[in-house]
Amino acid sequence: MKLMSGLFSGGKNIVGVDVGSRILKLVEIVDTPTGYKLKSFAQVSLERGVIEKGFLNDSSALTKKIKELFKISKCKASQVATALSGHSIVINKAGFRNMEEDELRQVIIDEAGEYLPFDDIDNVAFDINILGENPDNREQIEVIIAAARKDIVAEYRSAIEAAGCRVVIMDADSFALETAYEENYEYSDDDLVGLINMGASITNINIVKGNQSVFTRNILMGGDSITEAIQRHTGLSFEEAETLKIEQLGREPIAGEDMLSYVEPIFAEVERSIDYFSSSVSLAFIKKILISGGCTRIPGIEEALAQRLRCETERFDPFQTIECDEKICPPEYMNDIKSIAAIGAGLALRRTEDL
């Protein structure tokens, strides 16, 4: 699924900019005669509150950090692929009678109230991905609809372009994960794989069948909710609890609680989402779960989630098939960043052929 890829057009060299609520990541991947190669990676922290639950609250602060990100990375590319997440985007799956794409888009506009939770359809940018025939009703097709308010898209675009870039692709976090998965992993058409990215404020879930997204959900919990739980147990400020979380990661309990106990609410929502998907699809067997995001740095999280979901679970490697220069990114550095680079890598793998 390539969200709103037709909104903007641009040239060939595209750099991925993952705008997280706490960390901005830049990933530049170039084509070489031997395949894809990681050219640059950089990250900068973002002050709390600039972005919350996917909404941009301080455009000038984001612009400043985007400039810093490009300066640190020394990236010369100016065309950017970025993504929306959280409340800023709506992703729905719906069934329609079999029809051509142009007619389908018009039906969605005409009957927007049924498919898109927006009051003013004229202020909505949306894209669709036709999954194919409904296996339970051959007269219907299944369609994923991704939509966002045009003013939200414009806010992000303006803040990024004020840093001297040009936004050529606006995607969704969940679908950027899918792009990174398609490039780095082998799969059959019937393989069901769960892609879970646990960020600072949002956990993205995307279940793909082969190379098609069949279920998505954004859980509005992540690393910040873990920090807030530590805050409640210790009486510390958010900043103090965040520092304690990072310093004590995997070493010893915090306020008498093992770190994984603080992740429990996220686990519960992930399990609920997976169970909902499995109950709604006959004979659904998820082959594997791939996890990414800052929360996956918590020791034991793979094993705990695998046991909870009763499914093979491993860390997402977004550079598994991508060449990395050890002089630029030594192996130990690559191991450190790959957990947080999956969305950025998926964005960096987008090309103008997608437009």
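The values are calculated or read from the model by the stated rules, or taken from the named source; none is laboratory data. Not measured: the values here are computed from a predicted model. Side chains are part of the model used for accessible areas, which takes the heavy atoms of the whole protein and leaves out ligands, DNA and RNA. Shrake-Rupley method; radii C 1.70, N 1.55, O 1.52, S 1.80 Å.
In table form, for the structure just shown:
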| read-out | value |
| --- | --- |
| Solvent-accessible area per residue for the range 152-280 (1.4 angstrom probe, square angstrom) | 40 |
| 5 angstrom amide H check on Phe215, placed H, neighbours 5+ away | Ile207 |
| Computed helical MRE - 222 nm, the chain, DSSP H runs ≥ 4 contributing -39500 (n - 2.57), nearest 500 | -10000 deg cm²/dmol |
| Average accessible area per residue (Å²) across the range 90-135 - probe 1.4 Å, nucleic acids and ligands excluded | 59 |
| The range 163-319, accessible surface, carbon-and-sulfur percent (1.4 angstrom probe) | 47 |
| Semi-axis lengths, Å, the range 221-355, gyration tensor of Cα atoms, sqrt of 5 times eigenvalues | 28, 24, 14 |
| Rh by Kirkwood over Cα pairs, then Stokes-Einstein D for the range 33-153 at 1.306 mPa s and 10 °C, µm²/s | 90 |
| P(r), alpha carbons of the range 112-250 - 10 Å bins starting at zero, rounded % | 10, 26, 31, 24, 9, 1 |
| The range 276-353: mean projected area of Cα convex hull, nm² | 7.6 |
| Residues of type lysines that Lys245 reaches as a straight line, Cα spacing below 25 Å, ignoring anything fewer than 8 places off in the same chain | Lys25, Lys53, Lys65, Lys338 |
| For Ser292, distant residues with modelled amide H under 5 Å away | Ile196, Asn197, Met198, Phe316 |
| Debye log10 I(q)/I(0) at q = 0.24, 0.25, 0.27 Å⁻¹ for the range 141-192, Cα point scatterers | -1.02, -1.06, -1.12 |
| Percent carbon-and-sulfur accessible area, the range 6-138, ignoring ligands, DNA and RNA, probe 1.4 Å | 44 |
| Stokes-Einstein D (µm²/s) once Rh is taken as the Kirkwood radius of the range 82-167 over alpha-carbon pairs, at 4 °C in 1.567 mPa s | 91 |
| Shape parameters for the chain, alpha-carbon atoms, Rg then Dmax in Å | 20.0, 59 |
